[in-house]
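Read-outs: derived from the displayed coordinates by stated rules, not from any lab. Everything quoted here is computed from the prediction, not taken from an experiment. Cβ sites come from the backbone with ideal geometry, for glycine too, and all protein chains shown count toward neighbours.
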Amino acid sequence: MNVCDETQNIEPKRKEKQVKEQKKFGVISLGCDKNRVDSEKCIAVLQNAGYMLTNDVREAQIVVINTCAFLQSAREESVETVIETAGYKSEKLEKIVVTGCLPQKYAAEVFPALTEGDVFLGINDYDLLPSALETAYRTGERVNLVGKGADTFRFARTLTTAPYLAYLKIADGCYNHCTYCLIPKIRGKYRSYPMEKLLEEAKELGEVKELVLVAQDTTRYGEDLYGENRFPQLIRRLSLLDNIGSIRLLYCYPDAFSDELIEEIRTNDKVIKYADIPLQHSENRILKLMNRRGTREDYLALIAKLKERIPGIALRSTFISGFPSETEEEFEAMQAFLKEAELFNCGFFAYSREPDTAAAKMRGQVHYKTKERRVRALYETQRQISEKILSGFKGKTLRVLCEGIDYDKQLFAGRAYFSAPEIDGRIYFNAPEAEEGKEYDVVVSDVSAPDLFGATKDYSA
């Protein structure tokens, strides 16, 4: 090939990129923080291909909708979002990309039915975004490439969180096979990401005050890849990075919460003394039906051990009420469990009967009004527990990360160590001035669980 030929081949590519740069895209990320990480990688893929990101979908020619399919309500929200977004096609919008869990699990159903979508991709198909869009534009046809991509690790991301916060997804999939859960059928078996790749990704995030580790089950990190659990080792190596300020742990399954992990949390100054431990129920019969590992006695023992070894540790959990055949006595026993466990905070969910799960076929499905009543009662029980725990901070000084201003309350808002972003309560405070992303010493004056109220020492009303 001569120089002239090379020039002829290069020039069209340059023109193609210029066309791309004229296209703006927006991203709508639904569901969990793990989905958010995937969305951030989608953004990077498109930016690297020459497309321009806009935060206003009304200004976009392309909108990528990263869907959730974990529950029926999430699937409905995903479909409604696609339909609503299609309304912008009368303005600037040209193409809608539907990706994530919904097409991954239900492509055969949603591709022919959800005609508002122009491009459909699954959870491992993000690298195909540019070529899929080019095909859609060139042919004018709808494109379905679900399952056509390669399950490869990609660390290039464009953060959508506040500059001081980032999530790091350390694994995908799950092999717990809880009887109520679709995740293994959507995201496949548990797959740990290589440690060196994760360290590289964490370095590329820049200065991060708080790094939140997520996966469907963080505590099993490394078992599939290395033949042994390496979660404590991963935490230790991440904490050595100069750009990482602190590390928060989410989705730590109780049966894999090792003594080594407890010791790492206890001794590592960068690890926030906080753990999210999804228990899902307290009663042994229901736990067995759920295919959960562990018993009521195991859970209480773990909680007691964590509190003993790490004084002041903030523990949160999630519970499902109204699981098939759950009796009123078992529901009341779960309330008693909460009182004994005394967790900082909990989330409660009414059991959702998901098709293609073992629990959906079980006898004794609980009436939705009963489920809703039980969830409300559990929230009230936990509110009282949280109120009691948080009242212990009245008159004390807490280190608070400011997250901006709550204009409704006319107060600054932030989080202390016992609050994960977008999950737990907040601390609202007065101060002469405060800057988002900086930490302040706040004297607590009042409690309204799950929130606290106070002021900096230099504030005078």
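Just flag the GluC sites (Glu not before Pro) in the stretch 101-203 sitting in loop per DSSP whose Cβ has no more than 14 other Cβ atoms within 10 Å.
E141
Remind me, relative contact order of the stretch 167-268 in percent, using alpha carbon pairs under 8 angstrom and six or more residues apart?
It comes to 28 percent, rounded to a whole number.
Residues in the stretch 333-371, backbone N under 16 Å from the label point at L300 (7 Å along the Cα-to-beta-carbon vector): list them, ranges by number please.
Within reach of a label on L300: 333-343.
By how many nm would the segment from K92 to T397 grow when fully extended, if each residue of separation counts as 0.36 nm and the alpha-carbon distance is taken off?
Contour length minus the Cα-Cα distance gives 104.7 nm.
Note the full-extension length gain between D242 and R363 as 0.36 nm times their separation in residues minus their Cα-Cα distance, in nm to one decimal.
38.2 nm
Within straight cross-link reach of K438, meaning Cα distance under 23 Å, which lysines are found once same-chain residues fewer than 8 apart are removed?
Partners within reach: K203, K209, K270, K273, K394, K396, K409, K457.
Regarding the chain, what whole-number volume in Å³ per residue does the convex hull of its Cα atoms give?
With only Cα atoms used, the chain gives 178 Å³ per residue.
Taking the Cβ of each residue in S246, S460 as the centre, tally the other Cβ atoms inside 10 Å and list the residues starting with the fewest.
So the ranking, lowest neighbour count to highest, is S460, S246.
How would you rank F120, F70, going from fewest to most other Cβ atoms within 10 Å of each one's own Cβ?
F70, F120
In percent, how large is the relative contact order of the stretch 397-456, given Cα pairs closer than 8 Å and 6 or more residues apart?
Relative contact order of the stretch 397-456: 36 percent.
Say the dipole of the stretch 165-390 comes from +1 at the beta carbon of Lys and Arg and -1 at that of Asp and Glu; which of L390, Y180, A304 then lies farthest toward its positive end?
Of L390, Y180, A304, it is Y180.
Spin-label point model (7 Å from Cα, Cβ direction): what's the R383 to E80 distance in nm?
Once both label points are built, they end up 2.4 nm from each other.
So what are the ³J(HN,Hα) numbers for the stretch 139-147, from phi and the Karplus equation (6.51, -1.76, 1.60; θ = phi - 60°), rounded to whole Hz, Gly and Pro as x?
The phi angles translate into 9, x, 9, 6, 10, 10, 10, 4, x Hz.
So what is the relative contact order of the chain, in percent, for Cα pairs below 8 Å that sit 6 or more residues apart?
So the answer I get is 9 percent.
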